[in-house]
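One structure is given here, and the rest of the page talks about it.
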Amino acid sequence: MRTKARVDANQAYIVKMLRLVGATVTPTHALGKGFPDICVGWEGYNFLFEIKDGDKPPSQRKLTPDEEDWHMQGRGQVVIINSAEEAIEYLKSM
């Protein structure tokens, strides 16, 4: 049984940078069961971001089994991001 939610090393920095560009960010990683790490509000829309640490090799950035299940069963969208730059670029492209 999981006792504490794992947080990717880059999550705090990504949250900080998203807030600096004007996004609202609500950490949701503690919900568990594969739910994405953060909910981001941007220009009237909400986005779910699954954060992976882009500094790690691809084999260590895989989705957990719970994340895979959530992504497959979810009827909405979720974006996997590896860096603050990637997250900001995604928002600005919307």
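The values are calculated or read from the model by the stated rules, or taken from the named source; none is laboratory data. All of these numbers come straight from a predicted model, not from anything done at the bench. Note that we place each Cβ from the backbone using ideal geometry, even for glycine, and neighbour counts take in every protein chain shown. Keep in mind that these areas ignore ligands, DNA and RNA; they rest on the heavy atoms of the full protein, side chains included. Shrake-Rupley method; radii C 1.70, N 1.55, O 1.52, S 1.80 Å.
A few comments on the model shown:
- Here each label is just a point 7 Å from Cα along the line to Cβ, and for V79 and T28 those points are 1.4 nm apart.
- Mean Cβ neighbour count within 10 Å, used as a protection proxy, ranking 68-79, 41-52 highest first: 41-52, 68-79
- Rolling a 1.4 angstrom probe over the chain with all protein chains present gives an accessible area of which 53% lies on carbon and sulfur atoms.
- D_trans [Stokes-Einstein, Kirkwood Rh over alpha-carbon pairs] for the chain, 4 °C, 1.567 mPa s, µm² s⁻¹: 96 µm²/s
- For the chain, relative contact order (Cα pairs under 8 Å, six or more residues apart, normalised by length) works out to 27 percent.
- Heavy-atom accessible area for L31, with the other protein chains in place and a 1.4 Å probe, reaches approximately 120 Å².
- Surface per residue (accessible, 1.4 Å probe) for segment 2-52, Å²: 59 Å²
- Surface calculation, 1.4 Å probe, protein heavy atoms: M17 sits at approximately 50 Å² accessible.
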